[in-house]
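Step one of this worksheet: look at the structure below.
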Amino acid sequence: MRRLLLTATAATVAALTLSACGTTEPAADDTAKKPAERITLTDASGKKVELDGPAEKVVGTEWHEVELLVSLGVDPVGVADVKGYKTWNTAVPLENEPKDIGTRGEPSVETIAALKPDLVVASTDLPPAAVKQLRKVAPVLEVRSADASDPIGQMKRNLDLLAKATGTTERAGKIKEEFDAKVAEGEKALADAGLAGAKYAFADGYDISNQVSIRPFTSGSLIGAVNEKLGLKNDWAVKGDESYGLASTDVEGLTKLSDDVHFAYIGNDGDKNSTPFTGKLADDKVWTSLPFVKKGNVHRLPDGIWMFGGPGSMTQYVDSVVAALTKK
């Protein structure tokens, strides 16, 4: 692994007085360049990861980690599914034109190797066999993208881990402060509008092969945790998975939501299968008969908010929720 240097030392010139001739001559530069301190990290898999210094050429295999890197001021040299990231994440857009390394579930080891990265940041969602292959190319830092037992805490821990790997801990601290302030601001705005404790259900959905699937975001999801920080009451009674806090239901499952619930969702016009609420369900008798639909308590939030992102995406989400629920 090539050594990374934090800073280059400036040359200094010292003058020696030579008594024999009464003249002065510049001394040779005796200041050597100081190497960056090695960084030792423990990743989500429990492995020790050694870096010669802050990583600069970084590859990201999952959008959550890519967003965190860009937020920290690190432009990844390689990103999985670049087009998809640009479609689904507008809160923290890519500042460069990274190499597309393939899909998030199956990145190209050959493409990554050609980039000669200092570090590969891989989600624990990536198959172990793929991670093993990547470790032959460069140091790999595995990150757990989500944890339903502590969604916001996991997001912040991931940010701190990547900040340590890239020498951007000061920036990470500011990002966390700004996020906490935004959540507090949103909570106050909703309370001032009389919405403290309001029933709220967030979901996304897909229409694939004429079959509509709806995905509830429970309290264990990152968005669900943010909703509760905003003072909203999650109206989903279904249980989510242990990592992302996601469940699965159909339009019939929506009948179990409260009559006065505020229902919100995110679709994306760039992904035609992701908008069933304005597509196939628009004429569905079960959907149109739901009390909250009749009352107009259905809110489509703006496209491009990545539901599994970092503080940047969640800040954008908070603004969109407050705007939707307080709109008159």
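Computed quantities for the displayed model
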item	result
Odd one out for residue 110, checked against (1) under 21 Å from the mean Cα position of the chain (by Cα); (2) assigned by TED's automatic domain parsing to the domain that holds residue 55; (3) surrounded by fewer than 15 Cβ atoms within 10 Å (Cβ to Cβ)	(1)
Residue match in the range 125-135 (condition: in contact (Cβ under 8 Å) with a residue 60 or more places away in the chain, farther than 16 Å from residue 49 by Cα and within 20 Å of the chain's Cα centre (by Cα))	yes
Residue that is over 18 Å from the mean Cα position of the chain (by Cα) and surrounded by 15 or more Cβ atoms within 10 Å (Cβ to Cβ), where the choices are 57, 48, 116	57
Selection count where residues are touching a Phe, Trp or Tyr at 6+ places or on another chain (Cβ under 9 Å) and over 19 Å from residue 307 (Cα atoms), scope the range 237-265	8
Checklist (1) out of contact with any Pro (no Cβ under 8 Å at 6 or more places or on another chain); (2) assigned to a loop (DSSP other than H, G, I, E, B); (3) crowded, with 18+ Cβ neighbours inside 10 Å applied to residue 76, failing item	(1)
Residues located in the range 220-248, provided they are in contact with a strand residue (DSSP E or B) (Cβ under 7 Å, 6 or more places away or on another chain) and surrounded by fewer than 17 Cβ atoms within 10 Å (Cβ to Cβ)	228, 233, 238, 248
Search result, residues across the range 300-317 that are polar (S, T, N, Q) and touching a Lys or Arg at 6+ places or on another chain (Cβ under 8 Å)	315
Any hit, the range 90-103, residues being surrounded by fewer than 24 Cβ atoms within 10 Å (Cβ to Cβ), at pLDDT 95 or above, among the hydroxyl-bearing types (Ser, Thr, Tyr) and on the phi < 0 side of the Ramachandran plot	yes
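The values are calculated or read from the model by the stated rules, or taken from the named source; none is laboratory data. Treat the numbers as computed from the prediction; the structure is a model and nothing was measured. Methodologically, a virtual Cβ is constructed for each residue, glycine included, from the backbone with ideal geometry; neighbour enumeration extends over all protein chains shown.
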